[in-house]
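Data block below; observations after.
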Amino acid sequence: MNRQYVLISPGRNEAQYMRQTLDSVIAQTVRPACWVIVDDGSTDETPAILAEYAARHDWIRVVTRTDRGRRAVGPGVIEAFYAGYETINPNDFDYLCKLDLDLILPAGYFEELMRRMEADSRIATCSGKSYIIRDGKFISERHGDETSIGATKFYRRDRFQELGGFVREVGWDGIDVHRCRMMGWQACSWDVPELRFTHLRQQGTSHKGALTGRMRQGHGQYFMGTRPIYMLATSVYRLNEKPYLLASAAMFWGYVWSAIRRKPRYENLEFRRFLQRWQLRALLVGKKRAVAEVLLQRATVTDANAAPPRKIEPTSDPGAPG
């Protein structure tokens, strides 16, 4: 089994959280062959912390970018990711992962992802599930099973290259999974104890708070090509998330405001048509069945001739607390 993987982590001013991420990666049962951490112009203690860890672990490399004067989100994050990606030879690795610096990962996280990918050749990208700690409770951030989560995008390296990598726009972490499906590949995540990771900062709050983050998600959906009816359904589904009503309304307003201003949309018209057909089907039959139908329709010759996926047995008690 080939299990050489590389992590690439863009980050700015992550001193509050990053030690916990660094320590959880160092504690992995299968460590990365290389970890490229891109300091995107930090002004806090991030450079000193990175220097400390890089001095202790020769597989940790630090790439330093000029301070742009603000935290970059969306396309800025992907620009920073590629600043790290350009320093490696991707062909040296079997897998690669875009990893955020505000996470605590279970010790067997990457080993389990690779085990599951080895069992199913259709999987191009996958992840575990993100949880936050609120009022002493471990609470899911409610990501669908049909996506890999942007905080830990784990890819087969060859599939990532064939896909053309990430789009450098808001919505990149949704566009990639739908493009995978267009090619007959699976994108997925699993909510099992060994793959539940702690998100130390609520999703979408790294830049100007939760409501701005929700508006940005709405804009990302507009850019991607989402239909209004699907955006409305998504906003309704999110009504019971804090801050109640406001978060959902902000997401929908971000979409509507982008439409009013006639913001640019993803230029790949074939992709947008595919996305809209899939979304309508998902509203009718559910996401799980809609994904299964697409994979059946678009299976490649290689996938069709491949051995069927093996059953994944849990490595720990599914009822255990996360």
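The values are calculated or read from the model by the stated rules, or taken from the named source; none is laboratory data. All values reported here derive from a predicted model rather than from experimental measurement. Here Cβ is always computed from backbone atoms with ideal geometry, including for glycine, and neighbour counts include all displayed protein chains.
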Problem - the range 24-67 - residue that is in contact with a strand residue (DSSP E or B) (Cβ under 7 Å, 6 or more places away or on another chain) and among the polar types (S, T, N, Q) and, of those, surrounded by the fewest Cβ atoms within 10 Å (Cβ to Cβ) - result: Thr64
Practice task
Considering only residues that are of a type in the set (Asp, Glu) and in contact with a helix residue (DSSP H, G or I) (Cβ under 8 Å, 6 or more places away or on another chain), look in the range 161-183 and name the one that is surrounded by the most Cβ atoms within 10 Å (Cβ to Cβ).
Solution key: Asp176
Exercise for the section: From Tyr17, Tyr5, grab the single residue that is under 15 Å from Asp102 (Cα atoms), touching a residue at least 12 places away in the same chain (Cβ under 8 Å) and hydroxyl-bearing (Ser, Thr, Tyr). Expected result: Tyr17
Fill in the blank from the handout: Among (1) surrounded by fewer than 18 Cβ atoms within 10 Å (Cβ to Cβ); (2) among the polar types (S, T, N, Q); (3) within 29 Å of Trp257 (Cα to Cα), Thr147 falls short only on (1)
Fill in the blank from the handout: Turns out the helices (runs of 4 or more DSSP H) fully within the range 208-287 with at least 2 residues that are of a type in the set (Lys, Arg) and loosely packed, with under 14 Cβ neighbours inside 10 Å are 269-285
Completion exercise
Listed by first then second residue, the pairs whose first member lies in the range 176-190 and is within 12 Å of Glu162 (Cα to Cα), whose partner is aliphatic (A, V, I, L, M) and in a helix (DSSP H, G or I), with beta carbons under 9 Å and at least 6 positions apart or on separate chains, are Asp176/Leu163; Arg179/Leu163; Cys180/Leu163; Met183/Leu163; Trp185/Leu163; Trp185/Leu295
Exercise for the section: Of the conditions (1) at pLDDT 95 or above; (2) over 22 Å from Ile123 (Cβ atoms); (3) out of contact with any Asp or Glu (no Cβ under 7 Å at 6 or more places or on another chain), His199 clears all except one; give me its number. Expected result: (3)
Fill in the blank from the handout: Filtering the range 8-36 for residues that are within 23 Å of Ile132 (Cβ to Cβ) and either among the acidic types (Asp, Glu) or outside any helix (DSSP H, G or I) (or both) leaves a count of 12
Fill in the blank from the handout: Only unsatisfied item for Asp158, checking (1) of a type outside the set (A, V, I, L, M); (2) surrounded by fewer than 22 Cβ atoms within 10 Å (Cβ to Cβ); (3) under 15 Å from the mean Cα position of the chain (by Cα), is (3)
Completion exercise
Condition set of a type in the set (Asp, Glu) and part of a loop (DSSP other than H, G, I, E, B), scope the range 163-196, selection modelled with the highest pLDDT: answer is Asp191
Exercise for the section: Look through Asp120, Asp173 and report the one residue that is within 20 Å of Tyr82 (Cβ to Cβ) and among the acidic types (Asp, Glu). Expected result: Asp173
Exercise for the section: State whether one or more residues within the range 80-91 are among the β-branched types (Val, Ile, Thr) and surrounded by 18 or more Cβ atoms within 10 Å (Cβ to Cβ). Expected result: no
Practice task
Check the range 58-72 and report whether any residue there is modelled with pLDDT under 95 and among the hydrophobic types (A, V, I, L, M, F, W, C).
Solution key: yes
